[in-house]
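Everything below concerns the one structure shown next.
The values are calculated or read from the model by the stated rules, or taken from the named source; none is laboratory data. Just so it is clear, the structure is predicted and the values come from calculations on it, not from any experiment. When we count neighbours, we look across all protein chains shown, and the Cβ atoms used for this are built from the backbone with ideal geometry, even at glycine. Each accessible area value is taken on the protein alone, full model and side chains, heavy atoms only, with ligands, DNA and RNA left out. Shrake-Rupley method; radii C 1.70, N 1.55, O 1.52, S 1.80 Å.
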Amino acid sequence: MASTTINPTRMELTRLKTRRKTAVRGHKLLKDKRDELMRQFMEIVQKNKELRSRVEQKLMEAHSAFTVASAVMSPEMLEQALSYPKQSVSLDMKFQNIMSVNVPQYTFHTKNDDPAEIFPYGFAQTSGELDDALEALSDVFQDMLELAQVEKTMQLLAQEIEKTRRRVNALEYVMIPEMETNIKYISMKLDENERSSTSRLMKVKDMMLEEQLQKAEQKRLAREAARKAAREAE
């Protein structure tokens, strides 16, 4: 149903047609954006699944090695071995634009590039299982960071997909149908007004023609009366 406040004029009709054209073009662009976001989202979901499986496997290996190290070493010796780490890590973050969504990209840098720096203890009084646990944790760190990046990207893309989906639905089911209804209403009103104007013009034309015919008839009767009077006078 058309809005009751709409003004049925040709200017309003032109404005609505322009808005509808823009809305239809925007609807297509938003649908394309939504489809591309969904495609990239599904790719990232698959990547997340693979990363999570790999991270969980490596963490299980690290946990198993640490459990064995805890069994063969005393708690005091284990705590002392890990109390003063020699290696430190700094984390950098930048953003990548994916379909107008800024997603984070994480990179880390270690204080020292020497792989042996991950062991903050001497090897004389520690077990090899503790070495294995630290190596496993060092190996899984990059995957854990990438997993965090992927999951944050998934979250941001999911929010953008939902926002885009709502906009597409609003255009498709509310705005465009409402504008089309208003356009149809104005067109009908303008056609009705045009028919009414045509009818009035035809009626006025008929009235003017009838008036001209009456005047012509009156002139004819007046001439005949004048001729009759002239004959009687003779």
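A few points about this structure:
- Full-stretch length increase - Met93, Met60 - with 0.36 nm per residue and alpha-carbon distance subtracted: 9.1 nm
- Percentage relative contact order, the chain, counting C-alpha pairs under 8 Å, at least six apart: 34
- Available extension along the chain between Ala170 and Ala233 is 13.5 nm, counting 0.36 nm per residue and deducting the alpha carbon span.
- Principal-axis tilt of helix 10-72 within the chain, Cα atoms, nearest 10 degrees: 10
- Here the chain was treated as a single set of alpha-carbon atoms; its pair distances binned every 10 Å from 0 give 6, 16, 14, 11, 10, 8, 7, 7, 5, 4, 3, 3, 2, 2, 1, 0, 0 percent.
- Helical content alone sets the calculated 222 nm signal of the chain at -27500 deg cm²/dmol, taking -39,500 (n - 2.57) per DSSP H segment of four or more residues and averaging over every residue.
- Around the amide H of Ile98, modelled in the peptide plane, lie the amide H atoms of Val103, all under 5 Å away and 5 or more residues distant in sequence or on another chain.
- Residue by residue, the stretch 217-226 carries 3J(HN,Hα) couplings of 5, 5, 5, 5, 5, 5, 5, 5, 5, 5 Hz when phi is fed to the Karplus relation 6.51 cos²θ - 1.76 cosθ + 1.60 (θ = phi - 60°); x denotes Gly or Pro.
- Å² of accessible area per residue within the chain, as computed with a 1.4 Å probe and no ligands counted: 72
- Here the simple spin-label model places points 7 Å from the Cα toward Cβ, and for Ala71 and Gln212 these points are separated by 11.8 nm.
- Extreme residue, positive dipole direction of the stretch 1-108, given options Gln46, Pro75, Val89 (C-beta unit charges): Gln46
- With Cα atoms, 0 to 90° folded angle of helix 128-170 axis to the chain main axis: 10
- Calculated FRET efficiency, Glu180 to Met202, Cβ-Cβ distance, R0 = 35 Å: about 0.60 to the nearest 0.05.
- Basic side chains Lys and Arg get +1 at the Cβ, acidic Asp and Glu get -1 at the Cβ, and with that the dipole of the stretch 118-223 about its Cα centre reaches some 2420 debye.
- Per-residue extension of 0.36 nm, minus the Cα-Cα distance of Thr14 and Lys86, leaves a gain of 18.6 nm for this segment.
- Simple Cβ-charge dipole of the chain, Lys/Arg +1 and Asp/Glu -1, about Cα centre, in debye nearest 20: 3420
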